[in-house]
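Take a look at the structure set out below.
The values are calculated or read from the model by the stated rules, or taken from the named source; none is laboratory data. Treat the numbers as computed from the prediction; the structure is a model and nothing was measured. Because the Cβ atoms are built from the backbone with ideal geometry, glycine has one as well, and the counts that use them run over all protein chains shown.
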Amino acid sequence: MKDLNKLDRIKIFCDLSLDKEIREEIIKNLSGVVLSHQGKYLWLGTDEFTAIERFTRLDGGEFGEHKRFYFKEFIDDFNEEKGEVDIEGLDYSDGYLWIVGSHSSKTIKIKIDKDKFELDNKELKKVEREENRYLLARIPVNGSGELEPNSPQKAWLKRDGSNNLLTKAFAKDEYLNLAKMTKGNNNKTLPGEEFYLYLPSKENGLDIEGLAVFGNKILLGFRGPVLRGIAILLEIEVEEGSLHELTLKAIGDEGRQYKRHFLDLDGLGIRELCFEADNGNLLILAGPTMDLDGSHSLFRLKQPLTLNDNSLSSQKNKQLEHLGDIPHGKKSDRAEGLTLDGETNSILVVYDSPTEERLIVEDRDDIVGVHADIFPLP
């Protein structure tokens, strides 16, 4: 496998009026990213917060003038006490910023210390579902790059606790229903009709980590589950419902409200998506499903919106093309988000768990920004 050749590095500077701890959390947990307004604005999502970060391109090409937009300001009845959104995908299309949460459940991360020799009763066993993760929304953006919280055009899939119209649509899907793999205490299945989502995201459970929008058609990339090395790309189409609500059209076989596309990404899951200019092809950032060091590869999928339901795409049938790998470090510098820079026919890539060398630090170890990378498209 060949590594992509880096074209440039771009500096992204945080708002220095934010607390040091908040700036560090933003920089070290980047996930979704998209450019809008001909590359003037850079939008970033993180794993840890209930806000969207916007940066403006400055003279010299770096990004600054950091501004935060809080979900409670533009999503009706949004409750910050219901957990993080876990933003895993952003896109900009036809004047809208689109946002998707991971729709995943999680377990606590085990802290390994030198004097730790056993697990306590809750570690590896406690599974949590945070309601704010079940969000798929579009918000109008005006010509000045401001989100419009009072616009009648803002809309989202109707939410219902730790579910929404999307999760209910595939609740009994033969590939995405993971209930039989999940058992509670005393070998009893976990409670609730939607208990299939209890399989945590990093244990090959359901985890949305890619979003690409074309009109009312939306592609959702799944980091997990990966089934016998085959990743899943879901296609949906939304339409207007009641005020501020989106509904799903029946577009799949047997009246399903989605189409499934199966992708042979060399055993990797989908980590990010974006359409490639106006040619209808899709760029796919792929990486390990579990919390492992492994290849972070860039693929091109040809004309995904023309594919039939239950399509299978691979390098063998020429529907998929491997473009190269993005270098990473040991448990660091994991490519997490990409967006197209159409003016230079390149992609901008941001990373989770950045290395110290990638951080922009001022006096006293104060993190003020981070470097993103630019790669030319083959």
*Tell me which residues, restricted to the stretch 47-73, are more than 20 Å from the chain's Cα centre (by Cα) and aromatic (Phe, Trp, Tyr).*
63
*In the stretch 10-82, which strands (runs of 3 or more DSSP E) lie fully inside it and hold 3 or more residues that are surrounded by fewer than 17 Cβ atoms within 10 Å (Cβ to Cβ)?*
63-70
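Only residues that are polar (S, T, N, Q) and either closer than 26 Å to residue 295 by Cβ or modelled with pLDDT of 95 or more (or both): list them for the stretch 18-57, please.
Going residue by residue through the stretch 18-57, those that are polar (S, T, N, Q) are 29, 31, 36, 38, 46, 50, 56.
Within the stretch 18-57, 29, 31, 36, 46, 56 qualify.
Looking at 97, 42, 90 in this structure, which one is more than 27 Å from residue 163 (Cβ to Cβ), within 17 Å of the chain's Cα centre (by Cα) and not small (Gly, Ala, Ser)?
Answer to the selection: 42.
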_When you scan the stretch 238-246, do you find a residue that is touching a strand residue (DSSP E or B) at 6+ places or on another chain (Cβ under 6 Å), outside any strand (DSSP E or B), at pLDDT 95 or above and farther than 27 Å from residue 47 by Cβ, even just one?_
no
*May I ask you to list pairs of residues, at least six apart or on different chains, whose Cβ atoms are under 8 Å apart, with the first in the stretch 273-301 being at pLDDT 95 or above and buried (at least 24 other Cβ atoms within 10 Å of the Cβ) and the second being among the aromatic types (Phe, Trp, Tyr) and not in a strand (DSSP E or B)?*
none
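Restricting attention to strands (runs of 3 or more DSSP E) lying wholly within the stretch 265-378, give those where 2 or more residues are under 15 Å from the mean Cα position of the chain (by Cα). First the steps, then the outcome.
Details: elements: 269-276, 281-287, 297-301, 311-313, 320-325, 334-341, 346-352, 359-362, 366-376.
Hits in the stretch 265-378: 269-276, 281-287, 334-341, 346-352.
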*Consider residue 73 against the criteria (1) closer than 25 Å to residue 148 by Cβ; (2) in contact with a Gly (Cβ under 9 Å, 6 or more places away or on another chain): it satisfies all of them except one. Which criterion is unmet?*
(2)
*Pick from the stretch 239-265 the residues that are crowded, with 16+ Cβ neighbours inside 10 Å and out of contact with any Phe, Trp or Tyr (no Cβ under 9 Å at 6 or more places or on another chain): which of them is farthest from residue 315 (Cα to Cα)?*
259
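Could you check how many residues of the stretch 42-66 are touching a His at 6+ places or on another chain (Cβ under 8 Å) and more than 14 Å from residue 369 (Cβ to Cβ)? Show your work before the answer.
From the stretch 42-66, those touching a His at 6+ places or on another chain (Cβ under 8 Å) are 53-55; that's our starting set.
Among the residues that remain, those that are also more than 14 Å from residue 369 (Cβ to Cβ) are: 54.
Residues meeting the conditions: 1.
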